[in-house]
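To start, the structure under review is shown below, and the notes come after it.
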Amino acid sequence: MRCWWWTASTASAWVCATVLFAPHAPLAAQSPADRAAIGALRDSLAAMTSADAVARVPMDWRDGRRGPMARLRAGFVRLRLGTLAADPAALNAALFDFDVATHDAPAWPYPWFGRGLAKLYSGALPGATSKAQAGQALGESFYAAFMDDVRATATRDPVFPPLVQFLTQLLVPQRDRTQPDLIVKTLALAAARGPVAADVHLVLGRAYRTAADDSTALDEFDAYLAAGGDTSVALLETARSLAGTGQLEAGAADYLTGAEHLGGEARSPYRDDLAWIGNAGELAAFDSLPADSTGPWIERFWARRDAESPRPAGERLAEHLRRWNYVYRHFRVIHPERRTQFAKVRVLDIGPCSDGGTKALDDYRIDRPDRPDDFRRKERVLDDRAPVYMRHGAPWQRIRAAGGAIELADAISAGGLGQSSAGSGAEVAAGTGSGESDGRGTVPTAFAPSVMGEVEALEGVESSEAWLYWFAGATRLFYFASSGANGPGPTTLYTEPPMSPALFTMLAGLDPVFGKAAGLIERNAMIPLTAIPLRCQAEIGRSYARTRGDVTTGVLTDSHTLLFRRQLGPIVQSYALGRPSAGTSRVLIAFAVPGERLVATARPDGRPGVAYRISLRVSAVDSVRGTVRWLDTTRVFVAADSVPAGAFLTGLTELAVPSGTYAVRVALFDPGTGTGGATLRPSVSLDDGAPALSDLILSTDQGGLEWANNGDPVRLNVSGAFRRGATAGLYYETYGLQPGRAYRTTIAIAPARNPKKAGVSLSFTETATASTAHVRRLINLSTLSAGQYELRVTLTDTATGAVATRDQLLNIVAR
C-alpha cells in the first residue's frame, strides 16, 4: 500500500494512494514522441514568468486519461507554478503527481527526474522541513533525496538529456563544492558520447580538480573553451589547476590574461577570488570598473601586495593560487550535509566577566567566497582555517594537541627559502625575509624551510591547534578546535581559548603573553586562591583581549610576510627628496650592515680580497593614490679584507617616485645564507607645497657614508647616533620659495618620549635668493644628555603664513 502525507491550505491527512487511483500495468520505455511532448511542455512553461499564466495551463491531456503522461503534465505545471509563486502546496501536489507516475511507469526517467526536482525546489523554500515522503527517508535532507532520484533517473537513462542539462545548470553556481560520483559519471558519460554544452566541461573540470586530478581538469577546461565557454572563466580555472600541479608562474600568467576583459560570466568568479583578501574599499572599486578596465586594475591589486611584502614581482599572486589549492584540498568540512542546522558558530558564554564580544569567526562580517548561494547554501564548504590561511598563508609556527599530547610542529615558510635563477648580470629575486616590528613581541628568526603538513580533520579525531604568525608588526596567534558546525579536529577559530592549564602552557610556548595566565590557571585548578572568578582575573582578560585582537587584525588584513633564518640586523634610513613638479622627487635609501652578521666569499673576478653579495628590495606604496614603485636588485661589494665586528658594510640607492605619501619598505638579505632583515617607514611624503622641505639628513664630518648628491656631496650618519658633546651635521633642502621673500626657520630638539618637555630651539629669518636651496647646519649637542631626541625643522613663509615641517630622530650616546 502506498501512503502519502498530503498538505493543503486548510487540512492535512493521511491518504492511501490505492484509494485515489487504480494502478496501471507497468509500461515499457517511454516513447520518443512522449519524451518530446514533455520536453515541449517544459520549454513552454520555462518561458512563462507569471504564476497566473501557468495556472491557466490545463493539467490533463485531451483524452482526459489519468495515466503517467497526464501525471507528468500535471506535475510539471504544478512544479512551475510552485517555483514561481514559492507555493509549498503546489510543489507538494507536483511531488504527489510525480510519485504516482514513478509507480505507473517505473522504467521511464521523466517521473523520477520530476520527483527529484519537486524535492529540490521544496527544500529551497523558507522554513522547509524534511519529512518521510515519496521515497525521502525521515531526517534525510531535500538535497540528498533529490540526489536519490537523480540516481534513479540515471539508472533508467544514463545520459538522459533533461537530467544532463539540469545538472549542468544546477552545478555551475556551486563552483568547487564536492559533487557525488554519480553526477560526475553522468556528465562524463554524456561528454564521452557526443558534443555537450560547454558548461558540462566546466563542471567536470572543477569536479576532477576537487578529486586532485588536475591533469584531467585541465583537459576539461580546454574542452570548455573549445566548446564556446567564456575565455576568462576558462583561464581562471586553468590558473588554479596549473597551480595545483606546481606550475605557479604559468597559473599566475593565465590568471592575469583572463582578467583583461571581465564581462558576463567571468566577473563574479574573479570578484569572489579577490574577496578572499580584498578589503571593502577595494571590492567597491572593482565593482565600479567597466569591463575593459579590470585587467590593469587587477594587475595593480597584486603588484601592490608584492610591494607590501616586499616580494618579487608576481610572487603574491602565485602564492595566492597556491593557498587556494591548499585550502580546498585540506580544509574541507567533512560531511557538510550533516551540519546544515548550524547557521553560525555560537560559543556559550554565561559565566561572570564575559563582555559579550566576538567569540568565533562567524561573529565577524567577512566575505566567505567558499560559500556560494545555491541549493546547498546551508552546507559549509571550508572550515575556519581557510580564511586565515588564504589571508596569511602557512603559519610561522604551529602547535598541535591531540589526545592530551602536545606536539610542536616544524616551523614553516610557505614555499621555503630560495631564489630565482638568474644569468650573469641579471638581478636576483631572492625568497623570504622578516616582517617589521612595532615593538610587540620578537621578530621570528629560527625555522626550517619546510612546508607545513597540516593534519586533515578526520571523523572521530578531536584535536586543537595554535598557529603563530608575524604580520602587521607583531606576533599573531590563532586557536582552532572542533565545533558542531565545522566538525571534529582543529576546524573552528575561537577568539577565547578554553582555560586549560595544558593549553595555556602550550600557548605560552608560542608567545610569552600567555605565561602568567597559564600559571594562574594551574594554581587555581589545584587550590582556588581568591574569591574572584578565574575569568575575571586580569591576566586572563589580557590574554583574551590579545587573541581577540589578533583575530580582528587577521580578518581585516592579508600578508605574505618575509621570514629569515637569521637576522642580518641592518640599519636603514629612508629620506624624501626633490620636488614632484620638477621631476626630481625620489626616496634615498641608506643602509649599514654589521660586519659580524656578514659572510664573506671569494671575489668573483678571482683577485685577492673578499666579496659580499647583498640583495636589496625596496618598495614604495601610496595606498590612497594606488601608486607603487619598486626596486629589486643584488649588489656585490668587494673589499681587501673582511668587515670586522663593530664595523659596517654601507650602501645607498635612490628610487624615483611621484607626488604622494608612501609606505617605504626595505629588505636586505644574503641570498646564499638566508640571513636578512626588513624595515618599514610608514609615511614618507613628497609634495609641491610652497614652501616645502625635504627630509632631514644627519651628517658627519668624519666617516659616515658618502652621498654624491649630484655634485654637492654629503657624508650621511646612517646610524643617527652622535657622542655626547659632539657636533651634529644637518642637511636638508627647501623648495617652492619666492626669491626676495623672508622665511623664518625654527630648529628644535626635544626628548623623543616626552616631546612636550622643554628642549632647545633656535629661530632665525632669512631672505630667499632662489626657489630651491641646499641647507647645511651644525648643531652643538653639548647641553644634551644621552638619550633619544626628536629633531624638528619648521619653515614658515612670513608673507602667507604657510608652514612646512619635517622631523628626524637623533640619538646621543655616552660613548
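The values are calculated or read from the model by the stated rules, or taken from the named source; none is laboratory data. Quick caveat, the model's predicted, so the values are computed rather than measured. Please note: Cβ atoms are built from the backbone with ideal geometry, for glycine as well, and neighbour counts cover all protein chains shown. What goes into the accessible areas is simple: the full protein's heavy atoms, side chains included, and nothing from ligands, DNA or RNA. Shrake-Rupley method; radii C 1.70, N 1.55, O 1.52, S 1.80 Å.
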How many nm separate the modelled label positions at residue 726 and residue 329, each set 7 Å beyond the Cα in the direction of the Cβ?
-> 5.5 nm
Report, by chain and number, residues whose modeled amide H sits under 5 Å from the one on residue 634, excluding near sequence neighbours (fewer than 5 apart, same chain).
-> 428, 616
Kindly identify the range 216-324 as rounded, prolate or oblate by the Cα gyration tensor criterion: order the square roots of the eigenvalues as a ≥ b ≥ c, call it rounded if a/c is under 1.5, otherwise compare a/b with b/c, prolate if a/b is larger, else oblate.
-> oblate
Note the angle between two axes, namely the Cα long axis of helix 315-330 and the longest principal axis of the Cα atoms of the chain, as a number of degrees from 0 to 90, rounded to the nearest 10.
-> 40 degrees
Of 699, 608, 361, which is farthest on the positive side of the dipole of the chain, counting Cα position, with +1 on Lys and Arg Cβ, -1 on Asp and Glu Cβ, and the Cα centre as origin?
-> 699
Which aspartates and glutamates have a Cα less than 17 Å from the Cα of residue 757, not counting those fewer than 8 places away in the same chain?
-> 790, 807
Any idea of the accessible area per residue across the chain, 1.4 Å probe, to the nearest Å²?
-> 43 Å²
Across 5 Å bins beginning at 0, the whole-percent shares of Cα-Cα pair distances in the range 78-210 come to 2, 11, 20, 21, 20, 14, 9, 2, 0
Angle in degrees between helix 501-510 and the longest Cα principal axis of the chain, rounded to the nearest 10 = 50 degrees
Mean-position separation - Cα centroids, the range 749-772 and the range 566-643, in angstrom = 31 Å
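Largest first and in whole Å, give the semi-axes of the range 287-412's equivalent ellipsoid, each being the square root of 5 times a Cα gyration tensor eigenvalue.
Details: eigenvalues 190, 101, 56 Å².
After diagonalising the Cα gyration tensor, the semi-axes are 31, 22, 17 Å.
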Of all the accessible heavy-atom surface of the chain, with the other protein chains kept in place and a 1.4 Å probe, what percent is carbon and sulfur?
-> 54 percent
What FRET efficiency would be calculated for the residue pair residue 222, residue 802, taking the C-beta separation as r and a Förster radius of 56 Å, to the nearest 0.05?
-> 0.35
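So, counting K/R as plus one and D/E as minus one, what does the shell of residues with Cβ under 13 Å around residue 305 add up to?
Numbers: positive: 300, 304, 311, 316, 323, 391, 665; negative: 282, 299, 306, 308, 315, 319, 558.
Neighbourhood net charge equals 0.
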Roughly how many Å is it from the Cα centre of the range 686-708 to that of the range 198-218, as a whole number?
-> 59 Å
Helix 214-226 versus the longest principal axis of the chain: what angle, 0 to 90°, nearest 10, using Cα atoms?
-> 80 degrees
Placing each pseudo-label 7 Å from Cα in the direction of the beta carbon, residue 250 and residue 639 end up separated by a distance in nanometres of 4.5 nm
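Take every Cα pair under 8 Å in the chain that's 6+ residues apart, average their separations, divide by the length, and report that relative contact order as a whole percent.
After rounding, I find 7 percent.
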Among 310, 581, 805, the residue whose Cα sits farthest towards the positive end of the charge dipole of the chain, when +1 is placed on the Cβ of each Lys and Arg and -1 on the Cβ of each Asp and Glu, is 805
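Which of the three applies to the range 57-136, rounded, prolate or oblate, going by the alpha-carbon gyration tensor with a ≥ b ≥ c and a/c under 1.5 meaning rounded?
Working: a/c = 2.50, a/b = 1.40, b/c = 1.79.
Oblate.
Which net charge results when you count Lys and Arg as +1 and Asp and Glu as -1 among the other residues whose beta-carbon is under 14 Å from that of residue 706? Working shown, then result.
Working: positive: 715; negative: 701, 712.
Net local charge, residue 706 excluded: -1.
Assuming a ≥ b ≥ c are the square roots of the Cα gyration tensor eigenvalues, decide whether the range 531-678 counts as rounded (a/c under 1.5), prolate (otherwise, with a/b larger than b/c) or oblate. Don't skip to the answer; put the middle values down first.
Working: a/c = 2.99, a/b = 1.44, b/c = 2.08.
Cα axes put the range 531-678 in the oblate bin.
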Please list, or write none, the aspartates and glutamates whose alpha carbon is within less than 15 Å of the alpha carbon of residue 359, excluding same-chain residues fewer than 8 places away.
-> 349, 384, 496, 550
For the chain, how big is Rg over Rh, using alpha carbon atoms and the Kirkwood form of Rh?
-> 1.09
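Taking a threshold of 20 Å on the Cα-Cα distance, which of the pairs 344/378; 185/378; 119/378 fall above it? The partial results should precede the final answer.
Working: 344/378 10 Å; 185/378 25 Å; 119/378 16 Å.
Result: 185/378 exceed 20 Å.
Report, in cubic angstrom per residue, the convex hull volume of the C-alpha atoms of the range 548-617. Display every interim value, and only then the final one.
Numbers: hull volume 14.4 nm³, N = 70.
Taking the convex hull of the Cα positions in the range 548-617, it is 205 Å³ per residue.
Give me the net charge for the shell around residue 342: Cβ to Cβ below 11 angstrom, other residues only, Lys and Arg +1, Asp and Glu -1.
Numbers: positive: 338, 339, 344, 346, 378, 380; negative: 362, 379.
Cβ neighbours under 11 Å give a net charge of +4.
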